[in-house]
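Nothing in this text is a laboratory measurement; each read-out follows from the coordinates by a stated rule. The shown structure was predicted, so the numbers you read here are calculated from the model rather than taken from an experiment. No Cβ is skipped: glycine too gets one built from the backbone with ideal geometry, and neighbour counts run over all protein chains shown.
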Amino acid sequence: MRTVLAALAVILSLIAAAPAAAAAPPSDAWIEGYAAALLEREMKLPGPSLRVRDGVLTLSAGELSDVDRARVEALLRGIRGVTRVEIVAAPPPTAGSPVAAPAATAPPKVLAEWQTGLLPGGTLFKPLIADPRWPHFAASYQQYLRDPTLKDVGAVSFGETFSLLRERYWQSWWEVGVQAGVFAIFDLDAFSKDLINADYFVAIPFSYRAGDFSALLRVFHQSSHLGDEFILRTNPQRVNLSYEGVDAKLSYEFQDWLRVYGGAGYIFDTDPKDLHPWSIQYGAEVASPWPGRAAGWRPIAAVDVQHREENDWSSDFSARAGFEIDGVLASRKMQLLFEYFLGRSPNGQFFKQKIEYFGVGVHFHF
């Protein structure tokens, strides 16, 4: 019980600190990059020469001749930190004009999805919020229900997706990157908080985006390892689970509030050798339009469902809901989420074991 209270205290302290993080005014560089991405996505403008200074956003009227100017202004005014939007007849000042800030004091370049070339920053295929095995940084407390060996569990993940190269083709983009993650669970009721299982994941993802449609194809490896203390304490029947695989996912975003996705996967070079290879995955994510982007936070919810041939196509159901806060730790998003899972365990050699748990956690995404 003491462990549970400690875990909840950590979560509550993070929640208490969240409004302060959200309230910090963003820099002009952050606003400029965010505004360019928003216009690219919502209005299909390929990168207007907009500028931001002291929260005042300026762009040229000549670039808006074929779009709804009122909608552009509404989108830009909704960005947190924007104090005024000015649409002028002449292009706004550039880095070479007399009124521009000196090169030595110019704001740093913002990493954003619309940039191309080597190490462009961002990713074309957005993270799957409710997928229990999507690489990202997170920590959560989980309470297992009706489980004979586990009750209070700490779950952590360390990882991310990085774009190595991105190029543009007409009105679409493609990129190749690297994805890696470690997923571990701990028995919080054990005397030394035993490590139960750690899964290691690495992949080469190929991504594509055209407007609100995106796709991901990746080749990956996953291996699983039990904790030494857990082995000594329980003497389990070990399974050295390891395999390579390939999967593909398609995603479509409806405006800024609904996303649906689906795909399939195939594993090979498996250990044990008799694992059935096929799997399917689908889900949806919802983001509330209230209180709006200007507030810096919004409620979100997501569900993810997976079926594996190995488990006779039974459902592995994951649901998460809570709040997303923009601009935490520079360009990251922080999510405070309540979690529920019902299905076969995603944790390594326990893949045959049916589990159910509730949880609460903190998640970070670029």
Residue-by-residue Karplus 3J(HN,Hα) for the range 119-129, coefficients 6.51, -1.76, 1.60, Hz, glycine and proline x: 6, x, x, x, 9, 6, 9, 6, x, 8, 4
Apply 1/(1 + (r/R0)^6) to the Cβ-Cβ distance of residue 193 and residue 77, taking R0 = 41 Å, and write down the FRET efficiency to the nearest 0.05. 0.25
Please turn the phi angles of the range 167-172 into ³J(HN,Hα) values with the Karplus equation 6.51 cos²θ - 1.76 cosθ + 1.60 (θ = phi - 60°), one per residue in order, whole Hz, x for glycine and proline. 9, 10, 10, 6, 9, 9
May I ask you to order 158-168, 33-43 by the average number of other C-beta atoms within 10 Å around their residues, highest value first? 33-43, 158-168
Taking every pair of distinct Cα atoms and averaging 1/r, then inverting, what Kirkwood hydrodynamic radius in Å comes out for the range 148-286? 17.6
Take the residue pairs 193/352; 126/354; 273/354; 151/273; 249/333; 193/273 and return only those whose Cα atoms are more than 26 Å apart. 126/354; 151/273; 193/273
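Between residue 282 and residue 70, what length comes free when the chain is fully extended (0.36 nm per residue of separation minus the Cα-Cα distance, one decimal in nm)? Kindly include the intermediate steps, with their values, before the conclusion.
Working: separation 212, 0.36 × 212 = 76.32 nm, distance 3.65 nm.
Computed gain between residue 282 and residue 70 is 72.7 nm.
Give me the compactness ratio for the range 212-341, meaning the Cα radius of gyration over 2.2 N^0.38 Å.
Working: Rg = 18.7 Å, N = 130, 2.2 N^0.38 = 14.0 Å.
The value comes to 1.33.
How high is the relative contact order of the range 231-366? Use alpha-carbon pairs under 8 Å, at least six apart in sequence, and give a whole percent. Please list the in-between numbers first.
Working: 291 pairs, mean separation 21.1, N = 136.
Contact order relative to length: 15 percent.
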20 Å reach of a label modelled at residue 317, 7 Å along Cα-to-Cβ, counting backbone N of the range 119-153: 129-133, 142-147
